[in-house]
1. With just the Cα atoms defining each centre, how far is region 259-302 from region 204-238? Give it in Å.
2. Which angle from 0 to 90°, rounded to the nearest 10, does the C-alpha axis of helix 255-268 make with the longest principal axis of the chain?
3. Compute the long axis of helix 2-17 from its Cα atoms, compare it with the longest principal axis of the Cα atoms of the chain, and write down the angle in degrees, 0 to 90, nearest 10.
4. So what is the relative contact order for the chain, in percent, with contacts set as C-alpha pairs under 8 Å and at least six apart?
5. Along the charge dipole of the chain, pointing to its positive end and built from +1/-1 on Cβ of Lys, Arg, Asp and Glu, which listed residue (L291, A88, I127) has its Cα farthest out?
6. Which stretch or stretches of region 517-536 have amide N atoms under 17 Å from the point lying 7 Å from E413's Cα along the Cα→Cβ direction?
7. Students sometimes get this wrong: rank L35, L337 by accessible area, probe 1.4 Å, all chains present, largest first.
8. Among DSSP beta bridges lying fully in region 36-315, give the percent that are antiparallel, nearest 5.
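The values are calculated or read from the model by the stated rules, or taken from the named source; none is laboratory data. Quick caveat: nothing in here was measured; it's all calculated off a predicted structure. Glycine also receives a Cβ, built like all others from the backbone with ideal geometry; neighbour counts cover every protein chain displayed. The accessibility values were calculated without ligands, DNA or RNA, using every heavy atom of the protein model including side chains. Shrake-Rupley method; radii C 1.70, N 1.55, O 1.52, S 1.80 Å.
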Amino acid sequence: MENLIDFVNRLQIACTALGDYSGGNNSLSSLWEALPSVAVVGGQSSGKSSVLESIVGRDFLPRGSGIVTRRPLVLQLHKTENGTEEYAEFLHLTNKKFTDFSLVRKEIQDETDRITGKNKQISPVPIHLSIFSPNVVNLTLIDLPGLTKVAVEGQPETIAEDIESMVRSYVAKPNCLILAVSPANQDIATSDAIKLAKEVDPEGDRTFGVLTKLDLMDKGTNALDVIEGRSYRLQHPWVGIVNRSQADINKSVDMMVARRKEREYFETSPDYGHLAAKMGSEYLAKLLSKLLESIIRKRIPNILALITKSIEELERELDRLGRPVAIDAGAQLYTILGMCRAFEKIFKEHLDGGRSGGARIYGIFDNQLPAAIKKLPFDRHLSIQSVKRIVSESDGYQPHLIAPESGYRRLIEGSLNHFRGPAEASVNAVHFILKELVRKSIAETEELKRFPSLQIELVAAANTSLEKFREESMKSVLRLVDMESSYLTVEFFRKLHVMETQESQTLTPTITDQYGEGHFRKIATNVAAYINMVSDTLVKTIPKAVVHCQVKQAKLALLNYFYTQISQSQARDEIDAAVWVR
Ligand SMILES: Nc1nc2c(ncn2[C@@H]2O[C@H](COP(=O)(O)OP(=O)(O)OP(=O)(O)O)[C@@H](O)[C@H]2O)c(=O)[nH]1
């Protein structure tokens, strides 16, 4: 049985630590709201603090004028074995045991000011205090600011409404038992606590009426009308209380003595003697403890269902977000490398097949490059006029005697220059496809989804590498073209010469033919044939160079630049760490 209240206590602590409390911001279904609790409400000076201290049997709450309780105080009482030392602990000061209860009072004041400032503001963030003592029953009570009517200096004008709405946020919860404290020396019809309890619990089945200051009633009057439920009927019987008077407090009358005096008061009272067994703070504590336990027992299945549901929701959320990343640098590096490998695998699948992309590169070699070469303006370059002009320019002042050797060379070199354009275009087109595939592969790598910064870093590093591969590829393809200009295929011209000699033996050329149109057309045809032969070669060799320099490198070394970067920063960190250690 005792474990039940303890169980709820632990859940309440967990809720506060996670920001789940009345008035707190929490998008998940609130566990706090599902936990049964007892909230103490009442007007200012109604005797709330005195009731709580009586229940605990200790003097530990801040006292003073104005609004003293400005943050909810979740007071968890844990019964310990007789003879053990009493001590208190705060959730915000774990591992610090308070055995001096005047220091507990000071800590409550300081902790209140820490959040609210000294200007008497209020805050819904609770302070958690646990008291371990053989003189308490297992019980959790929440002390709330006293309901007030007027603001004191330094307080916002809205303070009365602010307090009321905070108190309401606690007592409106169906799982909250309301300890409505009203002083007996005031008309019950004007009690702030009863007024609020009536609103949130019209049936009165979770409201406990507590009547303080019975000893302060005018001589000849008593509170039997209230206590016996005639003035205001509640499902649970009213409990009368006699706390320490201000004079007792001033004289520091011991709480245990006060409890005894209260017992004697009821036992000897002519008005309340017949109710003595059901009056007083000790009775109230036992009543609440028993009730709280039975309510908790009833609600346990619901609480467990809610916890299970929340766990499931959170597991789903976690799956969506991904598992936590380790904190130490080595493990982080391992995680990052794992993600890089996953990305590289997808990128390769795009190139090698399995995913789209690779075929577009083949499309460049198979269509774009041959089509671009076909469109080269050789017709213009090898027109009769152009050939005549280039040949005569190469001959200079003396026309060639047999074959225009240097004219041929200039015509061929000029034609070969045209191949530079399609070669460059192939390199650039493949570069563009590779960049596009990097972007696609990053987007398709599940592992990278929740690391947008890493995605940006990877894209930047991969693009830097691709840029380097493009430069290399460009140099290679242009070199292929330049190589064709550097050394012409002699074999081709030898064969040509043999063929021409055979032709000239059958035909008798005239002197005019040697420099006539036919002669230049022949030269144009010969050059075109040579260029065709080179074109066939380049259509085959340019793709080889591009694949070797760009595609293969991208598959082998796309992230090498990135790996260098992270190993350098790792080394830097290690050096930093070493410096720190020293
Ligand atoms: N004689 C007598 N005095 C009481 C009784 N209960 C409370 N008092 C006195 O009433 C005054 C106010 O009591 P508190 O317990 O501080 O009241 P509170 O509701 O906590 O006050 P705030 O926190 O300021 O709202 C104190 O001087 C108490 O000594 C009682 O039953 N009998």
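1. Result: 14 Å between the Cα centres.
2. 50 degrees
3. Computed tilt is about 50 degrees.
4. Contact order relative to length: 12 percent.
5. Value: I127.
6. Hits in region 517-536 for E413 at 17 Å: 527, 531.
7. Numbers: L35 5, L337 50 Å².
Of L35, L337, the descending order of accessible area is L337, L35.
8. Bridges in region 36-315 are about 30 percent antiparallel.
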